[in-house]
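Have a look at the structure below before the remarks.
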Amino acid sequence: ESDVCRVPPLPNLDRNIRVGDALLGDGFERESTAPASSAALTRLRLRYARATGRRKGAVARSLDREVRRHLAMTLRADLDTLHERRRSLLAATRGRDLFGGRRGAVAGEQEQLTADRVRARELRSRLRALRDENVLPFSFVTHFAEVGDVGGFDVVLGNPPWVRPHHVGPAMRASLRNRFAVLRDATWRHGAIIAGAKSGFGGQADLAAAFIERSLALVREQGTVALLVPAKLWKSLAGGGVRRRLTQSAALRVIEDWSDAPAVFDAAVYPSFVVATRGSAPNAVRAAVHRRDFAVRWQSPTAALPLDDSLGSPWLILPPEARAAFDRLSEAGVPLHACGLGRVTLGVKTGCNAAFVVAAGSEPVEPSLLRPALRGEDLSAWHTGPPRRRIIWTHGRNGSALERLPPLAEMHLGAYRYELEQRSDARGARWWTLFRTDTARTDMPRVVWADLARVPRAAVLRAGDPTVPLNTCYALRCRDDLDALTLAALINSPLAAAWLRALAEPARGGYRRLLAWTMALLPVPDDWVRARDVLGSLGARAMQGYEVAPADLFDAACSAYRIRPATVAPLCDWMCAT
């Protein structure tokens, strides 16, 4: 339009721009079987968008009253649904089985009862706030009622907060877990099993995962979600739930990794960009990896993204040639957790390093209780370095905590008794107990490596070595020295480094997190006798102080796998470029 006077003004946007808690407010996926009618809300919102002058104020007051009424009806309807379900579950649990006994709760019924109780408490609190405090809690169902009537938004676009779960209070954490499946069932189960993880390990998903679930529930069928979220969601154990949700409830369109790109935020973060469409779509994804001075883009089948076929499997954002080399190496061996060499375990956990770890030369306790302590930062390839710290070892030969502490140790540790009794692992144990002590056993040789490194660096602690790896290290106990030297040579090789860097979670400064599940998936040559011949001798030379060139380790590793260097060169070249 050339005449600006003929251009109609924009509608009133103030009732379309809302500030609220997008996770605690109801979404369009409400459970209520009797949702409140939104026809009046939709009609008033359209009238308000066109209103001017005094009429606008009158319509605004009517709209506020209707929003409040609609929200109250919605909350009561949800409470009725919860109460009815609770009555049904309680009646079932109090019923009798075929033998006349009390049936009790089965198959997750108790968890459902607990979740419903938490949810009902939250709904009643919101009703009280609505009635008594004149506060209007945010709700998509109410504040965007006309959008819900048509099935949802066309697009959800944003950069949601990235919040680690330990920064969220217990009550809020419980409420969010009750509400979002990606938080309740966050773990990549297969990875947790192979890592020997305890219940709950790897289930602490970043809050950004909940925003992805909420976003998918807010868009209509074929609507688009485009979010900037942490890259760790695609590789971490705790990202299993959100990866399942994106592959089962949506079609992935775009995935871009910005972890190694120049910093775009003031904080040290590792961003990624994801675009997904709710519902079915072509089975292809456009991927990109951004580096400091270049970006590589490609398109591949969505099925080529996960590590394996298990639900929630980590995603590998690798160019096709590098991914083919990664898979070829995986097929040439057996995962470490399944090869019979042993189990990857985390180093000893004290729960209070200030009490147990002391500087060498300033030990305040009996010498018989002191053992060299090894931290991940002290490790280099092949060598652990001179012991700079000691750990006060409060356990006996049988591995159990001592029944009593010697006088000096009791005096020193007694000053920390309150902190030691508050440790989460200390329930029912003596207050001077150490945890995860398997890696400190000296009856077999141990391969140890740092949990955080730019490239893997492993060393061997021979049988009888009293060194205690702390929980910034991982270790694997081997049956003999040659197995240990062979495994250390494999981990220190450029070939294993490239494979592990492709899979491991990113960390600050180009580091990678070499966690138990990551190392447990490392392929080990299936012809272990051959591997001992070609890699074990190099490991023995390196441990004796002779220099072993990375090129020799690479050639020996390729020989152990019976794989040509050219086959894995795309993976090594790609990871070197990063």
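The values are calculated or read from the model by the stated rules, or taken from the named source; none is laboratory data. No experiment lies behind these values; they were computed from the predicted model shown. Every residue, glycine among them, receives a Cβ derived from its backbone with ideal geometry; neighbour counts consider all protein chains shown. These accessible areas exclude ligands, DNA and RNA; they are computed on the full protein's heavy atoms, side chains included. Shrake-Rupley method; radii C 1.70, N 1.55, O 1.52, S 1.80 Å.
If R0 is taken as 22 Å, the Cβ-Cβ distance between Leu90 and Arg124 corresponds to a FRET efficiency of 0.75.
Tell me the carbon and sulfur percent of the accessible area for the chain, rounded to whole percent, probe radius 1.4 Å.
On the way: 14830 of 28040 Å².
The value for the chain is 53 percent carbon and sulfur by accessible area.
The range 395-465: D in µm²/s via Stokes-Einstein (Kirkwood Rh, Cα pairs, 10 °C, 1.306 mPa s)? If you can, show how the numbers build up before the last one.
On the way: Rh = 14.7 Å.
Stokes-Einstein gives a translational diffusion coefficient of 108 µm²/s.
Grab the eigenvalues of the alpha-carbon gyration tensor for the range 337-463, scale each by 5, take roots, and send me the semi-axes largest first in whole angstrom. If you can, show how the numbers build up before the last one.
On the way: eigenvalues 141, 58, 39 Å².
Computed over the range 337-463, the values are 27, 17, 14 Å.
So how many Lys-Lys pairs in the chain land under 27 Å Cα to Cα, not counting same-chain pairs under 8 apart?
Working: Lys198/Lys232; Lys198/Lys235; Lys198/Lys349; Lys232/Lys349; Lys235/Lys349.
Summing the qualifying lysine pairs gives 5.
In this entry, the chain is assigned a mean projected area of 36.4 nm², taken as a quarter of its C-alpha convex hull surface. When the Cα positions of Ala58, Cys5, Gly399 are compared along the charge dipole of the chain, Ala58 comes out farthest toward the positive end, with charges on each C-beta of Lys, Arg, Asp and Glu. The charge dipole of the chain, taken about its Cα centre with unit charges on the Cβ atoms of Lys, Arg (+1), Asp and Glu (-1) only, comes to about 2160 debye.
One quarter of the convex hull surface built on the alpha carbon atoms of the range 268-384 amounts to 13.8 nm², the projected area averaged over directions.
Per the Kirkwood definition applied to all pairs of different Cα atoms, how many angstroms is the hydrodynamic radius of the range 537-578? Working shown, then result.
Numbers: mean 1/r = 0.0873 Å⁻¹.
Mean inverse Cα-Cα distance, inverted, gives 11.5 Å.
If r is the Cβ-Cβ distance from Ala354 to Gln110 and R0 is 45 Å, what FRET efficiency results, to the nearest 0.05?
Values: r = 40 Å, r/R0 = 0.89.
Calculated value: 0.65.
Extension gain Val19-Arg103, at 0.36 nm per residue separation less the Cα-Cα distance, in nm?
Stretched out fully, the Val19 to Arg103 stretch lengthens by 25.5 nm.
How big is the charge dipole of the range 38-79 about its Cα centre, in debye rounded to the nearest 20, if each Lys and Arg gets +1 on its Cβ and each Asp and Glu gets -1 on its Cβ? It would help to have the intermediate numbers written out before the result.
Working: 12 positive and 3 negative charges, 66 e Å.
For the range 38-79, the charge dipole is close to 320 debye.
Computed extension length for Arg173-Leu136: 11.1 nm, one decimal, from 0.36 nm per residue of separation with the Cα-Cα distance subtracted. Only Cα sites of the range 372-429 enter the Debye sum here, all with the same form factor; the resulting log10 I(q)/I(0) across q = 0.19, 0.20, 0.26, 0.28 1/Å is -0.90, -0.95, -1.12, -1.16, listed in q order.
Please calculate how many Å² of accessible area the chain carries per residue, with a 1.4 Å probe and no DNA, RNA or ligand atoms counted. Before the final figure, lay out the partial values.
Working: 28040 Å² over 578 residues.
Spelled out: the 1.4 Å probe surface of the chain, per residue, equals 49 Å².
Estimated from helical segments only, the mean residue ellipticity of the chain at 222 nm is -12000 deg cm²/dmol, where each DSSP H run of four or more residues counts as -39500 (n - 2.57).
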